[in-house]
Amino acid sequence: MTRTFRRHGDAIRATFRDAEVELVRSVQQELRVTLGAMEQHDAVVQRLFPPPVLGDEEIAEEVRDLLTEELLRRRLEQLDELVTILDRGESWRGGIRVDLVDDEPLVVLGVLNDLRLGIGARIDVMAIDREQVDRDHPYAYPLAVMDHFGWWQEQLLAIIDPPSVRHAAEGWFDEGPSASGTEEER
């Protein structure tokens, strides 16, 4: 499998196949519609706008009233910015190639995260036993899309913040230095 994101001078070059571009556009549009409706009982809205305060519904509602409009505006702007980025891509080998500059890699990273969270909320990914999902399962495709977007996020993170990916590769749950080691070893 080829890499989608690579360092290219001061930019990060993204190379997408045509099918990937259409997939991103489609999922982006679905999320945009869901956020436009902003139905409070929608699983996607609940996942992207979790309670800001736990344990006190009155305070949570006040904080939500203060923050939700701005957070929603920003998310919608970033979804639009992703489309603008894709639109400026140049045709290249059956797909497009576009250089991400300035804060665009972070925008793409954030949108990918929102898309993954939205898909996961829609299919209730936490309740799915992936061992039971075969090729014909109705959630096989959404899970594959989530995983693909996750692979893209990992590539971007490896370029933007290499230690974060290296740390994950080393294992977050390692016990660390042994208690028997010297102070210098710990």
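Nothing in this text is a laboratory measurement; each read-out follows from the coordinates by a stated rule. Note that the structure is a prediction, hence the values are computed from the model and not measured. Backbone-built Cβ (ideal geometry, glycine too); neighbour counts: all protein chains shown.
Using the crude model of +1 on Lys and Arg Cβ and -1 on Asp and Glu Cβ, and no other charge, please compute the dipole size for the chain relative to its Cα centre, in debye to 20.
Roughly 1040 debye, rounded to the nearest 20.
Take the chain, mark every one of the chymotrypsin sites (Phe, Trp or Tyr not before Pro) that falls in a DSSP loop and has at most 13 other Cβ within 10 Å, then report the longest stretch left between them, sites excluded.
So the longest stretch without any such site is 1-171.
Using the beta-carbon distance between Leu76 and Leu23 and R0 = 25 Å, what value does 1/(1 + (r/R0)^6) give for FRET efficiency, to the nearest 0.05?
Plugging the Cβ-Cβ distance into 1/(1 + (r/R0)^6) gives 0.80.
Once the Cβ-Cβ distance between Arg6 and Leu67 is put in as r, and R0 is 35 Å, what FRET efficiency do you end up with, to the nearest 0.05?
The pair Arg6/Leu67 has a calculated efficiency of 0.45.
Only Lys, Arg, Asp and Glu count, each charged at its Cβ (+1, +1, -1, -1), so figure out the dipole size of the range 43-134 about its Cα centre, rounded to 20 debye.
Magnitude of the dipole: close to 520 debye.
At 7 Å along the Cα-to-beta-carbon direction for both Ala144 and Asp161, put a label point, then send me their distance in nm to one decimal.
Output for this residue pair reads 3.1 nm.
Please identify the helices of the chain, taking whole runs of DSSP H, that span at least 20 Å along their own axis as judged from the Cα atoms and have a mean Kyte-Doolittle score of -1.0 or higher.
Those that clear 20 Å and a mean of -1.0 are 18-37, 57-87, 104-123, 140-160.
Helix-only estimate, please: 222 nm mean residue ellipticity of the chain, summing -39500 (n - 2.57) across DSSP H runs of length 4 or more and dividing by its residues, to the nearest 500.
Taken over the chain, the calculation gives -19500 deg cm²/dmol.
Using C-alpha positions alone, give me the convex hull volume of the range 5-165 per residue in cubic angstrom.
Per-residue hull volume (Cα only) is 146 Å³.
Run the numbers for Ala60 and Leu106: contour at 0.36 nm per residue of separation, minus the present Cα-Cα distance, in nm.
Difference between extended and current length: 13.7 nm.
Loop-only check: which GluC sites (Glu not before Pro) in the range 11-84 are DSSP coil with at most 16 other Cβ within 10 angstrom?
Of the GluC sites (Glu not before Pro), the ones in loops of the range 11-84 whose Cβ has at most 16 other Cβ atoms within 10 Å are Glu39.
With the dipole of the range 5-165 worked out from charges on the C-beta (+1 for Lys and Arg, -1 for Asp and Glu) around the Cα centre, which of Trp92, Leu72, Tyr141 lies farthest toward the positive end?
Value computed over the given set: Trp92.
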